[in-house]
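The values are calculated or read from the model by the stated rules, or taken from the named source; none is laboratory data. What you are looking at is a predicted structure, and each value in this text was computed from that prediction instead of being measured. Cβ: placed from backbone, ideal geometry, glycine included. Neighbour counts: every protein chain shown.
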Amino acid sequence: MAIQEQQALYFTPLTLGHIPHVLHIERDSYPEPWTFNMLRNELENASGYFCLMYENNILAGYGGYWLMLDEAHVTRVTIVGSRRGRGLSKALMLHLMEHAKEKGAVQMRLEVRENNAPAIGLYENLGFEVEGRRLRYYQRSNENALVMVKRLAADN
């Protein structure tokens with residue numbers, strides 16, 4: 001299903017009550033899932049924004065960023081496994097980019113697993129460029145990360 005065919009896509013800020021649902025998705029999605037305390041810290045981070053994305057009232061994904069001066073650093077972009085491959089990650093990233101611009105960000109930066117070709121392709125499609133590499137960035141799997149950056153122009 002293309003993104004144009006989706007219905008009732010909306011975003012809502014993370015709350016304490018959402019955390020158990022997010023933890024379940026974290027464990028299914030990552031070799032190094034976030035913990036309850038890490039997610040609770042997102043609620044208390046005045047420089048952060050973390051939201052859930054719903055499609056037709058069903059949790060489809062979540063993501064967030066930290067705003068540091070005029071740069072938004074993406075902390076998470078996750079789509080529920082059964083909903084992947086349908087353009088939802090692009091919708092989530094566009095939401096994060098627009099929200100960050102509204103908060104004063106002029107650039108967005110992120111790390112992505114070097115072997116995550118679908119995510120890298122998405123980010124490149126959105127105008128992100130590889131800026132560098134962090135060796136063994138992901139501790140549990142010992143994988144490298146690519147650092148990608150995008151200038152947030154007024155027309156994004």
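Within the range 47-78, work out how many residues are farther than 14 Å from residue 10 by Cα and under 14 Å from the mean Cα position of the chain (by Cα).
Final tally of qualifying residues: 13.
Could you grab the pairs with beta carbons closer than 7 Å, sequence gap of 6+ or different chains, first residue in the range 45-69 and without any contact (Cβ under 8 Å) to a residue 60 or more places away in the chain and closer than 22 Å to residue 106 by Cα, second one assigned to a loop (DSSP other than H, G, I, E, B) and of a type in the set (Lys, Arg)?
Between residues of the range 45-69 that are without any contact (Cβ under 8 Å) to a residue 60 or more places away in the chain and closer than 22 Å to residue 106 by Cα and residues that are assigned to a loop (DSSP other than H, G, I, E, B) and of a type in the set (Lys, Arg), the close pairs are 67/103.
From the residues in the range 46-75 that are assigned to a loop (DSSP other than H, G, I, E, B) and among the small types (Gly, Ala, Ser), which one is surrounded by the most Cβ atoms within 10 Å (Cβ to Cβ)?
Across the range 46-75, the extreme among qualifying residues is 47.
Collect the residues in the range 105-137 that are in a loop (DSSP other than H, G, I, E, B), over 18 Å from residue 85 (Cβ atoms) and at pLDDT 95 or above, keeping them in residue-number order.
105, 106, 127, 128
Of the conditions (1) more than 14 Å from the chain's Cα centre (by Cα); (2) at pLDDT 95 or above, residue 94 clears all except one; give me its number.
Status for residue 94: all satisfied but (1).
When you scan the range 95-108, do you find a residue that is among the polar types (S, T, N, Q), farther than 22 Å from residue 34 by Cβ and either loosely packed, with under 14 Cβ neighbours inside 10 Å or in contact (Cβ under 8 Å) with a residue 24 or more places away in the chain (or both), even just one?
Checked against the condition, which is being among the polar types (S, T, N, Q), farther than 22 Å from residue 34 by Cβ and either loosely packed, with under 14 Cβ neighbours inside 10 Å or in contact (Cβ under 8 Å) with a residue 24 or more places away in the chain (or both), the range 95-108 yields at least one hit.
Based on what the data block shows, is residue 78 assigned to a strand (DSSP E or B), out of contact with any helix residue (DSSP H, G or I) (no Cβ under 8 Å at 6 or more places or on another chain) and of a type in the set (S, T, N, Q)?
no
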